[in-house]
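Input: a single structure, listed below in structure tokens.
The values are calculated or read from the model by the stated rules, or taken from the named source; none is laboratory data. This one's a predicted model, so the numbers in the text were calculated from it and none came from an experiment. All Cβ positions, even for glycine, are placed from backbone atoms using ideal geometry, and neighbour counts span all protein chains on display.
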Amino acid sequence: MSTSISKWLVPVVGLVIGLLMAAALLGHDASPGQALLAFAIVAGYALALRFLQSRSDLAGVLSGLPADERWESINQRALSLAAQLLAVALVVAFLVTQFAGADSTPYAWLGALFAVAYLGGLVWYRGRS
């Protein structure tokens with residue numbers, strides 16, 4: 001992928017997500033102002049990343065373009081921490097809804113997706129190393 005395309009990938013995806021959020025809000029009887037605010041927040045974040053990625057190492061990482069190996073390592077450790085916390089949060093949410101007698105199916109599916117993605121990643125990367 002060329003550098004010019006990769007620099008615009010995250011902002012374009014962000015703009016598309018912002019448009020989809022605005023459309024979903026409008027489809028659920030939100031006001032145009034609420035839809036515009038949702039779009040502006042997501043689009044503003046995406047565009048801020050694009051314009052800051054060459055000036056800020058952190059913005060570069062958030063844009064998927066780490067400046068060097070050090071930032072790539074920081075990104076990998078941060079992703080690992082986030083994944084571990086998400087796994088714990090899913091288990092806790094599942095247990096809380098189970099004990100409350102509510103429907104815990106969404107948390108079960110998300111936990112299963114997380115587990116399949118993690119195990120699949122282990123198998124995939126083990127096979128490639």
State whether one or more residues within the stretch 11-24 are free of Cβ contacts under 8 Å to residues at least 24 places away in the same chain, more than 21 Å from Ala67 (Cα to Cα) and part of a loop (DSSP other than H, G, I, E, B). no
Of Leu90, Leu52, the only residue that is of a type in the set (A, V, I, L, M), touching a helix residue (DSSP H, G or I) at 6+ places or on another chain (Cβ under 7 Å) and not assigned by TED's automatic domain parsing to the domain that holds Gly111 is Leu52
Residue pairs qualifying under the 7 Å Cβ cut-off, at least six apart or on distinct chains, with the first in the stretch 33-46 being without any contact (Cβ under 8 Å) to a residue 12 or more places away in the chain and the second being surrounded by 15 or more Cβ atoms within 10 Å (Cβ to Cβ), are Gln34/Leu25
Helices (runs of 4 or more DSSP H) (entirely within the stretch 26-129) containing at least 2 residues that are surrounded by 16 or more Cβ atoms within 10 Å (Cβ to Cβ), out of contact with any Asp or Glu (no Cβ under 9 Å at 6 or more places or on another chain) and among the small types (Gly, Ala, Ser): 32-52, 57-62
Taking Ser63 and the conditions (1) among the polar types (S, T, N, Q); (2) without any contact (Cβ under 8 Å) to a residue 24 or more places away in the chain; (3) within 26 Å of Tyr118 (Cβ to Cβ); (4) touching a helix residue (DSSP H, G or I) at 6+ places or on another chain (Cβ under 8 Å), which numbered condition does it fall short on, given that it satisfies the others? (2)
